[in-house]
1. If you take the residues in segment 31-49 that are among the basic types (K, R) and either in contact with a Lys or Arg (Cβ under 6 Å, 6 or more places away or on another chain) or at pLDDT below 90 (or both), which one is least open to solvent (accessible area, probe 1.4 Å)?
2. Do any residues in segment 67-93 that are hydrophobic (A, V, I, L, M, F, W, C) have Cβ atoms under 8 Å from those of residues that are outside any helix (DSSP H, G or I), where the two are at least six apart or on different chains, and which pairs are they?
3. Take the residues of segment 50-90 that are open to solvent by 70 Å² or more (accessible area, probe 1.4 Å) and of a type in the set (D, E): which is nearest to F36 (Cα to Cα)?
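The values are calculated or read from the model by the stated rules, or taken from the named source; none is laboratory data. Quantities reported herein were computed from a predicted structural model and do not represent experimental measurements. Here Cβ is always computed from backbone atoms with ideal geometry, including for glycine, and neighbour counts include all displayed protein chains. The area values use the complete protein model at the heavy-atom level, side chains included, leaving out ligands, DNA and RNA. Shrake-Rupley method; radii C 1.70, N 1.55, O 1.52, S 1.80 Å.
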Amino acid sequence: SDLFCKREATLPLYLYLRLQKMSNGYGLVGRTSRCFGDFEKFTICMKTSNEPLATCGVLRDGYLECLHGKDYFGRQKEIAWQKTENERIAKEGGKAGGHGHGGH
């Protein structure tokens, strides 16, 4: 498309080629995939921004979080750890031990 050609000169070649070949938006059972909206927003930003690598980072992070859920799973792990730690402290009679978890 003309819009994509406009960005060709400013995007690194590997990224340009990658964005051309990415997802069509449909999952395995024919419905739109859960992360396609995030991917589409990121792609549009990359195509239209004057400085795509600087301005589209938040959208990229949102898309990657949708795909992999690392932030979500990291929070779940932290919550589980804190629950276990609270139970341990309660069993020891309320004494906070030296097991600390990075000040959290």
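1. The initial filter retains those residues of segment 31-49 that are among the basic types (K, R), namely 31, 34, 41, 47.
Cutting the leftovers down to either in contact with a Lys or Arg (Cβ under 6 Å, 6 or more places away or on another chain) or at pLDDT below 90 (or both) gives us 31, 34, 47.
Working: R31: 168, R34: 174, K47: 49 Å².
So the residue we want is K47.
2. As it stands, the answer is L67/C35; W81/H101; I89/K95; I89/A96; I89/G97, since those pairs meet every condition given.
3. D61
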